[in-house]
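The values are calculated or read from the model by the stated rules, or taken from the named source; none is laboratory data. Not measured: the values here are computed from a predicted model. As a convention, Cβ positions derive from the backbone with ideal geometry for all residues, glycine included, and neighbour counts pool all protein chains shown.
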Amino acid sequence: MPKINCIILDDEPLAVKLLNKHASENENLNVCLATTEVFEVIDFLKKEKIDLIFTDIQMPELTGIQLMKIINDQQKFIVTTAYSTYALESFNFNVIDYLLKPITKERFDLSVKKYLDFFSQQQANQSTFLFVKTDGKQVKVNFSELIYIESLKDYIRIHTKTEKIIVLETMKSFESKLPNNFKRIHRSFIINIDYLTSIDGNSVYLGQKNIPIGETYRKEIKEYF
């Protein structure tokens, strides 16, 4: 399984430092952002796909609960707080676990394991296809036949083994529906790694098809493979 791309958010710098230390010592995590600024997280999520967010609840600009309401996306959350009073409300959102401070390394790792168990169960239950709307009709697309997806601003072009399908949908929205064997390698391209035949410098090959790796994705792709 690839590493879990995560964000650490807490208004206390020492708490961020401790959680970042725990995360750096966990082989399953890749910390993409560790910050005390909630609006920095919101801006970051507009550009990058994140799997998991460790967030405090009591913060001066926005609470963790308010953040969850604003995002309303595919990210999962692990709450890190000194207060147990928010536990019930937080589980109305995509919360995997609720950690009470002070957070030990053992408890932190157990929380990550809960996410991994949840992810594994999701994968086991995941459908092998989806339907997309094109030309006024719903078309079935099997994930196993989907080679790559290309962005066309407000549209996407889906390249399968037998056809090309244009759909009115953003890349971010469509990406959230894909299983784990799909990887975004460029702001304009998502590939099915099952069709990946080689990597050459800053490009990947899907058979004879050459697709560039975006500059902001190169480090992540290098670590992934």
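Close contacts from the range 29-46, counting a first residue that is farther than 15 Å from Phe77 by Cβ and a second that is surrounded by fewer than 17 Cβ atoms within 10 Å (Cβ to Cβ) and among the aliphatic types (A, V, I, L, M), with Cβ to Cβ under 6 Å and a gap of 6+ residues or different chains, come to none at all.
Being part of a helix (DSSP H, G or I), over 20 Å from Lys21 (Cβ atoms) and in contact (Cβ under 8 Å) with a residue 24 or more places away in the chain is the filter here; which residues of the range 80-107 pass it?
Answer for the range 80-107, where residues must be part of a helix (DSSP H, G or I), over 20 Å from Lys21 (Cβ atoms) and in contact (Cβ under 8 Å) with a residue 24 or more places away in the chain: Glu89, Ser90.
Evaluate the following for Lys183: is it charged (D, E, K, R), closer than 28 Å to Lys133 by Cβ, in a loop (DSSP other than H, G, I, E, B) and in contact with a Leu (Cβ under 9 Å, 6 or more places away or on another chain)? Answer is no for this residue. For the range 121-139, the tally of residues that are under 20 Å from the mean Cα position of the chain (by Cα) and free of Cβ contacts under 8 Å to residues at least 40 places away in the same chain stands at 7. All of Lys76, Lys49 fail the test of being more than 23 Å from Pro13 (Cβ to Cβ), surrounded by fewer than 19 Cβ atoms within 10 Å (Cβ to Cβ) and charged (D, E, K, R), apart from Lys49. What pairs come up if the first residue lies in the range 209-225 and is assigned to a helix (DSSP H, G or I), the second is loosely packed, with under 11 Cβ neighbours inside 10 Å and not hydrophobic (A, V, I, L, M, F, W, C), and their beta carbons are under 9 Å apart, counting only those six or more places apart or on different chains? Correct list of pairs: Thr216/Lys47. Within the range 137-159, the set of residues being among the hydroxyl-bearing types (Ser, Thr, Tyr) and either surrounded by 17 or more Cβ atoms within 10 Å (Cβ to Cβ) or farther than 27 Å from Phe119 by Cα (or both) comprises Tyr148, Ser151, Tyr155. Taken together, the criteria exclude Val38 from residues that are of a type in the set (Val, Ile, Thr) and surrounded by fewer than 20 Cβ atoms within 10 Å (Cβ to Cβ). On the basis of being free of Cβ contacts under 8 Å to residues at least 40 places away in the same chain and either in contact with a strand residue (DSSP E or B) (Cβ under 6 Å, 6 or more places away or on another chain) or not basic (Lys, Arg) (or both), does Leu206 make the cut? Against the criterion (free of Cβ contacts under 8 Å to residues at least 40 places away in the same chain and either in contact with a strand residue (DSSP E or B) (Cβ under 6 Å, 6 or more places away or on another chain) or not basic (Lys, Arg) (or both)), Leu206 does not qualify.
Looking at this structure, is Ile191 out of contact with any Ser or Thr (no Cβ under 7 Å at 6 or more places or on another chain), assigned by TED's automatic domain parsing to the domain that holds Ile149 and not in a loop (DSSP other than H, G, I, E, B)? So Ile191 fits the description; yes.
Tyr224 satisfies every condition listed in (1) within 17 Å of the chain's Cα centre (by Cα); (2) aromatic (Phe, Trp, Tyr); (3) surrounded by 15 or more Cβ atoms within 10 Å (Cβ to Cβ) except (3). Within the range 36-59, at least one residue is of a type in the set (A, V, I, L, M), closer than 25 Å to Phe91 by Cβ and more than 18 Å from the chain's Cα centre (by Cα). The criterion of being among the hydrophobic types (A, V, I, L, M, F, W, C), in the same structural domain as Ser173 (by TED's automatic domain parsing) and surrounded by 14 or more Cβ atoms within 10 Å (Cβ to Cβ) does not hold for Val95. Is it the case that Asp56 is in contact (Cβ under 8 Å) with a residue 40 or more places away in the chain and either aliphatic (A, V, I, L, M) or touching a strand residue (DSSP E or B) at 6+ places or on another chain (Cβ under 6 Å) (or both)? Here the answer is yes, as Asp56 does meet what is asked. When the range 1-41 is filtered for residues that are assigned to a loop (DSSP other than H, G, I, E, B) and either touching a Gly at 6+ places or on another chain (Cβ under 7 Å) or under 20 Å from Pro60 (Cβ atoms) (or both), the ones remaining, listed by number, are Asp10, Asp11, Glu12, Thr36, Glu37.
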